[in-house]
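Chemist: One structure, pasted below without further comment.
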Amino acid sequence: MPTGPSDKRELMEDSIGSRDETRYETGVKKEYANDQIVVTWEPAYCIHAADCLDGLPAVFDPWRHPWIAVEAAPADEIADVVMRCPTGALHFRRLDDGDQEPESPDQTIQLRPNGPLFVRGKIRIEDASGHMIREDTRVALCRCGGSENKPFCDGTHRRIGFRSGPSRSSGK
């Protein structure tokens with residue numbers, strides 16, 4: 001019978017560490033590279049959705065140091081899994097002839113039950129003065145109001161038990 005965390009998200013949170021650590025400060029960016037691909041991770045935007053752990057556990061293993069091992073899978077597979085990251089905490093740059101990370105001209109906003117807004121597309125977030133806060137292709141925006149990294153989600157919704165209420169039908 002397992003005695004550790006009950007799901008991959010908890011596993012990642014437990015092994016990667018507390019949000020109070022300096023690596024979660026805005027501006028921290030870690031790079032993991034080989035001769036084919038560079039994967040960047042910005043911990044301040046990671047909410048431990050665990051899509052990377054589900055997609056390629058040989059590459060993304062929060063119990064290993066470093067936790068991203070780009071030599072453990074082909075660059076195409078790594079790029080595919082990085083694109084699943086809903087927050088933009090993970091990105092890639094190809095050093096070989098592989099396709100670079102695409103920019104979608106269409107924007108989509110997905111309401112996550114009891115969680116953040118996942119936004120995809122060409123996104124530019126500005127403060128009230130018009131100064132750019134972040135430009136990205138994927139972000140997770142806080143919906144619970146409790147994030148310490150507003151306007152971005154930091155996973156607080158899980159800790160405070162945020163509930164988004166019943167789903168609304170599209171009216172179609």
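The values are calculated or read from the model by the stated rules, or taken from the named source; none is laboratory data. Note that the coordinates shown come from a computational prediction; the quantities given were computed from them, not determined experimentally. Backbone-built Cβ (ideal geometry, glycine too); neighbour counts: all protein chains shown. With ligands, DNA and RNA removed, areas are computed over all heavy atoms of the protein, side chains included. Shrake-Rupley method; radii C 1.70, N 1.55, O 1.52, S 1.80 Å.
Chemist: Please grab the % of Cα pairs in segment 50-172 that end up more than 23 Å from each other. Can you show the working numbers first?
Modeler: On the way: 3275 of 7503 pairs.
For segment 50-172, the share of Cα pairs beyond 23 Å comes to 44 percent.
Chemist: Which order do you get for Leu90, Leu95, Leu117, Leu111 if you rank them by accessible area with a 1.4 Å probe, largest at the top? Mind dumping the intermediate values first?
Modeler: Numbers: Leu90 5, Leu95 90, Leu117 40, Leu111 115 Å².
So the residues, ranked largest to smallest area, are Leu111, Leu95, Leu117, Leu90.
Chemist: A further question follows. Which whole-Hz ³J(HN,Hα) couplings does segment 95-104 yield from phi under the Karplus relation 6.51 cos²θ - 1.76 cosθ + 1.60, θ = phi - 60°, glycine and proline marked x?
Modeler: 3J(HN,Hα) across segment 95-104, in whole Hz: 9, 9, 8, x, 5, 7, 4, x, 10, 7.
Chemist: Dipole of segment 77-172, Cα-centred, from +1 at each Lys and Arg C-beta and -1 at each Asp and Glu C-beta, to the nearest 20 debye? Please list the in-between numbers first.
Modeler: Values: 16 positive and 14 negative charges, 161 e Å.
It comes to approximately 780 debye.
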